[in-house]
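All remarks here apply to the structure that follows.
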Amino acid sequence: MKNKNNIAYQFLTCILFFSSAMIAAQVGFFTPNPAQSLQIDAAKDNGSNPDAQKLANDIVVSNTGNMGVGVLNPVTKVDLRSPDNKGLIGLGTGTQTPAEAGAGAIRYNAGGFLEYSDGEQWIALPLTAPTKALVNASKSVAQSIGSGAATYITGWTETVDLGTAPNGDFNPSTGVFTAPRDGFYLVSFTITLANGNIPKNTFIETAIESDRNVENIQVFKTVNSYPAFQAGAVSNYLSGNSNAIFNLKAGNTIKFSVRHNIGSARNTLNDSKLNNLSISEL
């Protein structure tokens, strides 16, 4: 008789449990007034009248099967567009083949980009490339270039600098360019010295110099020479130019210099059309 009573009580309990589950339209955990079929208040802070900030830590499942994380009314299968602007997804790396993961799967590649599966291969998602470095500058202010020693050219005026650093990639005052990222850079440099006497057997040397000596030609130079003249004395401008491609790492620098041996100091010509440089990231 006792066993029959136990069975009856258990049966009645099951009926009441399933009946209550069917009767309840919404289920809430740690929240007294669930707004969806299922609502979980992870921080247990909703109270009777939660605001948007309190709801931002809730998880809900609607009667259409949509799940919202921090979103009370999800409109997609998974909706993370919470008002606290923390609706991020953290993707990890994976060892599954594209076929195992299935078409439409997304994973993070340790190389720093995302990939998706089309069912047959992992395909890198296209990235928006950063703006490439581009510098144009000219010089119209005279600078004295002594004889016999290389002089770095300073005091430039920029016309273009697409660098995103606080003051761009090129410092016109010092004449130093800093590479914003690893890559190849095409550099051109032209300088002209003011009109004056040109002694026999003299030269002007223009140089572009980087501070990287690994997998890179560190210094490119061009020399314009003035051998013996038939005339007794010659007076003219001195001009030189150099062009180069550098293989640089982020933070490497480029600077520009001039050297001559005409025996006395000579100023750069105060004409910006004849003194200029350009740097272009390839």
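Quick look at the values:
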{"read-out": "Members of the stretch 243-257 found to be farther than 19 Å from ILE153 by Cβ and hydrophobic (A, V, I, L, M, F, W, C), listed by number", "value": "ILE245, LEU248, ALA250"}
{"read-out": "Qualifying positions in the stretch 127-165 - among the polar types (S, T, N, Q) and either surrounded by 12 or more Cβ atoms within 10 Å (Cβ to Cβ) or at pLDDT below 95 (or both)", "value": "THR128, THR131, ASN136, SER138, SER140, GLN143, SER147, THR151, THR154, THR157, THR159, THR164"}
{"read-out": "Filter result (more than 21 Å from the chain's Cα centre (by Cα) and open to solvent by 30 Å² or more (accessible area, probe 1.4 Å)) within the stretch 175-195", "value": "VAL176, SER188, THR190, ASN195"}
{"read-out": "Complete set of residues in the stretch 251-275 that are open to solvent by 60 Å² or more (accessible area, probe 1.4 Å), of a type outside the set (D, E, K, R) and over 17 Å from ALA150 (Cβ atoms)", "value": "ASN270, LEU274"}
{"read-out": "In the stretch 1-48, the residues that are at pLDDT below 85, open to solvent by 80 Å² or more (accessible area, probe 1.4 Å) and not in a helix (DSSP H, G or I)", "value": "MET1, ALA25, SER48"}
{"read-out": "Strands (runs of 3 or more DSSP E) contained in the stretch 49-134 and holding at least 3 residues out of contact with any Lys or Arg (no Cβ under 9 Å at 6 or more places or on another chain) and not charged (D, E, K, R)", "value": "58-61, 106-109"}
{"read-out": "Residue check for GLU115: modelled with pLDDT of 90 or more and either closer than 30 Å to GLY196 by Cβ or open to solvent by less than 70 Å² (accessible area, probe 1.4 Å) (or both)", "value": "yes"}
{"read-out": "Search result, residues across the stretch 91-102 that are open to solvent by less than 80 Å² (accessible area, probe 1.4 Å) and not β-branched (Val, Ile, Thr)", "value": "LEU91, GLY92, GLY94, PRO98, ALA99, ALA101, GLY102"}
{"read-out": "Boolean, ALA265 is small (Gly, Ala, Ser) and more than 21 Å from SER188 (Cβ to Cβ)", "value": "yes"}
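Residues checked against (1) closer than 13 Å to THR31 by Cα; (2) in contact (Cβ under 8 Å) with a residue 60 or more places away in the chain; (3) basic (Lys, Arg):
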{"site": "PRO50", "(1), (2), (3)": "yes, no, no"}
{"site": "LEU55", "(1), (2), (3)": "yes, no, no"}
{"site": "SER62", "(1), (2), (3)": "no, no, no"}
{"site": "ASN73", "(1), (2), (3)": "no, no, no"}
{"site": "VAL78", "(1), (2), (3)": "no, no, no"}
{"site": "ARG81", "(1), (2), (3)": "no, no, yes"}
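The values are calculated or read from the model by the stated rules, or taken from the named source; none is laboratory data. Keep in mind it's a predicted model, so treat the numbers as computed, not measured. Neighbour counts run over all protein chains shown; Cβ positions are idealised from the backbone, glycine included. Please note that ligands, DNA and RNA were not included when accessible areas were found on the heavy atoms of the full protein model with its side chains. Shrake-Rupley method; radii C 1.70, N 1.55, O 1.52, S 1.80 Å.
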